[in-house]
Amino acid sequence: TAPLLYKAINKVQDTQWEVNTDLLLLVNHFWENKIKLDSLPTRELTPMPDASLVDFNKLEEKQKYSYDKAKAIASNNKLKNVKLNTLKTLKLADRYKDTPFYLPQQLDFRGRMYSVPSLLNNQGGDLPRALLRFHKGKPITSVEALEAYILTGMNHLDNLEDSTIQNKLEYYRDNKDMLTMVGEDPLGNVSFWSTAKEPLQFVAWLIEHVKVVKDSSYPSQHVCAIDGSNHGCQIWAMLLKDEQTAEH
């Protein structure tokens, strides 16, 4: 099986990526203007409790002050790290925005594949995933491909998370014009897409969706992710050394 595994890894490593410049421009607008968005860290630190309001002769007040202060320090330290990683990710995206690139891969002890770059990769959070798209697009030419594309967009919404495939497709058909309108003016419709489960990936899809709707031959570059549904069975087969289940 090793040659097949190596072939799969090399196939992924041979895939060219590029920065989604439409989304980079949008995210930079929010970041530079300190506009709140769930997928971006807040720019404001948690304020420290006011020591002048505390009677340190009272044990209960003293303990509460110490607890609130420690909590604020921990929150701010965590926020600083998140802000630093966000800034690094945006800087990386800006650096490579005009150049296609590759993502080297590595395997863990289970044989699962992961991207080596730690910030700008297709397995990170909402921001790095939204900032990436395939360098070479492909027109959506079949019903199956169109459904996969639509479901990708609808899966970014949290209110459809537990819906059936048919319900998601029906939601799209009922709201296609509205979704197109939002994609044409994302800054004017922030209240709609910013509440999604994955707002930045959703708005990236919305922006490209406009082009797909207007031109059926437009080469889509959006990543259509598909979750594995049998990870539990994989582990079960490994523990029991059950080759038949492993093959399935």
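Overview of values
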read-out: Residues being more than 18 Å from residue 87 (Cβ to Cβ) and either open to solvent by less than 40 Å² (accessible area, probe 1.4 Å) or among the β-branched types (Val, Ile, Thr) (or both) - total across the stretch 118-140; value: 3
read-out: Any hit, the stretch 152-167, residues being open to solvent by 80 Å² or more (accessible area, probe 1.4 Å), among the small types (Gly, Ala, Ser), at pLDDT below 95 and in a loop (DSSP other than H, G, I, E, B); value: no
read-out: Qualifying residue in the stretch 48-71 (condition: without any contact (Cβ under 8 Å) to a residue 40 or more places away in the chain, surrounded by 12 or more Cβ atoms within 10 Å (Cβ to Cβ), in a loop (DSSP other than H, G, I, E, B) and of a type in the set (Ser, Thr, Tyr)); value: no
read-out: Hey, residue 195 closer than 25 Å to residue 127 by Cβ, in contact with a Phe, Trp or Tyr (Cβ under 7 Å, 6 or more places away or on another chain) and among the β-branched types (Val, Ile, Thr) or not; value: no
read-out: Options 163, 194: the member that is in contact (Cβ under 8 Å) with a residue 24 or more places away in the chain, out of contact with any helix residue (DSSP H, G or I) (no Cβ under 6 Å at 6 or more places or on another chain) and polar (S, T, N, Q); value: 194
read-out: Near pairs, Cβ below 6 angstrom, 6+ apart or cross-chain, from the stretch 223-242 (over 18 Å from residue 147 (Cα atoms)) to any residue that is surrounded by 10 or more Cβ atoms within 10 Å (Cβ to Cβ); value: 237/245; 237/246
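Yes/no matrix, rows are residues, columns are (1) under 16 Å from residue 130 (Cβ atoms); (2) surrounded by 15 or more Cβ atoms within 10 Å (Cβ to Cβ):
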residue: 16; (1), (2): no, no
residue: 21; (1), (2): yes, no
residue: 27; (1), (2): yes, yes
residue: 40; (1), (2): yes, yes
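The values are calculated or read from the model by the stated rules, or taken from the named source; none is laboratory data. Because the structure is a prediction, the values reported are computed rather than measured. In this analysis, Cβ positions are derived from the backbone assuming ideal geometry, glycine residues included, and neighbour counts consider all displayed protein chains. Protein only, heavy atoms only, side chains kept; ligands, DNA and RNA dropped before computing areas. Shrake-Rupley method; radii C 1.70, N 1.55, O 1.52, S 1.80 Å.
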